[in-house]
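These notes are about the structure you will find just below.
The values are calculated or read from the model by the stated rules, or taken from the named source; none is laboratory data. Here the structure is a predicted model, which is why all the values come from computation and not from measurement. Here the Cβ is made from the backbone with ideal geometry for all residues, glycine too, and neighbour counts use every protein chain on show.
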Amino acid sequence: MGLVVLSDTEQAKMRRAGAAAAATLAFVGARVAAGITTAQIDSWVREHTKATGGTPSQLGYQGFPHAVCTSRNEVVCHGMPSPRVVLRDGDILNVDVTTQLDGYHGDTSATFVIGQASAEARHVTEVAAKCRDAGIAVVRDGARLGDVGAAIDEAARAEGCSIVKDFGGHGIGRRMHMDPHVAHWGTRGRGGRLRAGMAITIEPMVNLGRAEIRMLDDGWTIVTADGSLSAQWEHTLIVTKDGAEITTLRS
Ligand code: MF3
Ligand code: CO
Ligand code: CO
């Protein structure tokens, strides 16, 4: 696998792409509410991405027909925006935005709690954010992918939740998905080493129940096998000498 270390110029472009994706996600976050459809979110993402000067990386990716993934409740990831999915009070919804700007990509997602949600819905949402942060905390030049995965998986287990093993983070740069695969579980001291200047995502999918998933007949939507709630948060990072620079922080 070809691991890419980005030049300073490329890192600057990653910062701009990351800021654009974060701005679009924030735009959606400020508007998402009960009564909105996920198709409405898709239009907002198309409109706002254009305003940033970027293009939605996910549109047409391996045939994906939408600009954004919208994954509600038991949907783990790759939820397809639809005029038939109307958000209701108590739902949790992950919105995953990826923007290409000047040839580089920023990839970020957040799980939004709609109105008054159950304690369980809030719990899985908070645990997923903690897992993302536990992974980011381990990232630095020389850290191993197993160190990152183990930290994320332990953070989920400590809260009685489970990590989805079938999908992970990824290298990112001139393409949305690049090497390495960044598993959200693993063994400390194993796996490839991160190097300063590499760009990756960390995007744990955390289930309230069991880790198993299945795909719906549409060929995209991934749901929990047991129907339990699932939440996810994602950032794009550039590895640094002693940590990570998050390119997709909201300004
Ligand atoms: N943004 C997703 C990720 O975090 C990619 C989804 S691919 C799509 O890697 F085709 F479903 F959009
Ligand atoms: Co990603
Ligand atoms: Co994403």
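Data for the structure
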quantity	calculated
Any chance Val28 is surrounded by 17 or more Cβ atoms within 10 Å (Cβ to Cβ), within 16 Å of ligand 3 (Cβ to nearest atom), free of Cβ contacts under 8 Å to residues at least 60 places away in the same chain and aliphatic (A, V, I, L, M)	no
Some residue of the range 172-182 being more than 16 Å from ligand 1 (Cβ to nearest atom) and part of a loop (DSSP other than H, G, I, E, B)	no
Filter result for Ser82 (among the polar types (S, T, N, Q) and within 16 Å of ligand 1 (Cβ to nearest atom))	yes
Any chance Thr240 is more than 16 Å from ligand 3 (Cβ to nearest atom), out of contact with any helix residue (DSSP H, G or I) (no Cβ under 9 Å at 6 or more places or on another chain) and closer than 22 Å to Glu120 by Cβ	no
Residue that is surrounded by the most Cβ atoms within 10 Å (Cβ to Cβ), among those in the range 197-251 that are hydroxyl-bearing (Ser, Thr, Tyr) and over 30 Å from Asp141 (Cβ atoms)	Ser230
Any pair with Cβ under 8 angstrom, 6 or more apart, that starts in the range 70-97 at a residue that is within 22 Å of Glu120 (Cβ to Cβ) and within 13 Å of ligand 3 (Cβ to nearest atom) and ends at one that is in a strand (DSSP E or B) and of a type in the set (Phe, Trp, Tyr)	Asn94/Phe112; Val95/Phe112
Qualifying strands (runs of 3 or more DSSP E) (wholly inside the range 1-120; at least 2 residues being farther than 19 Å from Leu216 by Cα and in contact with a His (Cβ under 6 Å, 6 or more places away or on another chain))	none
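Residue-wise test of (1) modelled with pLDDT under 95; (2) hydrophobic (A, V, I, L, M, F, W, C); (3) exposed (fewer than 14 other Cβ atoms within 10 Å of the Cβ).
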{"residue": "Met80", "(1), (2), (3)": "no, yes, no"}
{"residue": "Pro83", "(1), (2), (3)": "no, no, yes"}
{"residue": "Asn94", "(1), (2), (3)": "no, no, no"}
{"residue": "Gly106", "(1), (2), (3)": "no, no, no"}
{"residue": "Gln116", "(1), (2), (3)": "no, no, yes"}
{"residue": "Val124", "(1), (2), (3)": "no, yes, no"}
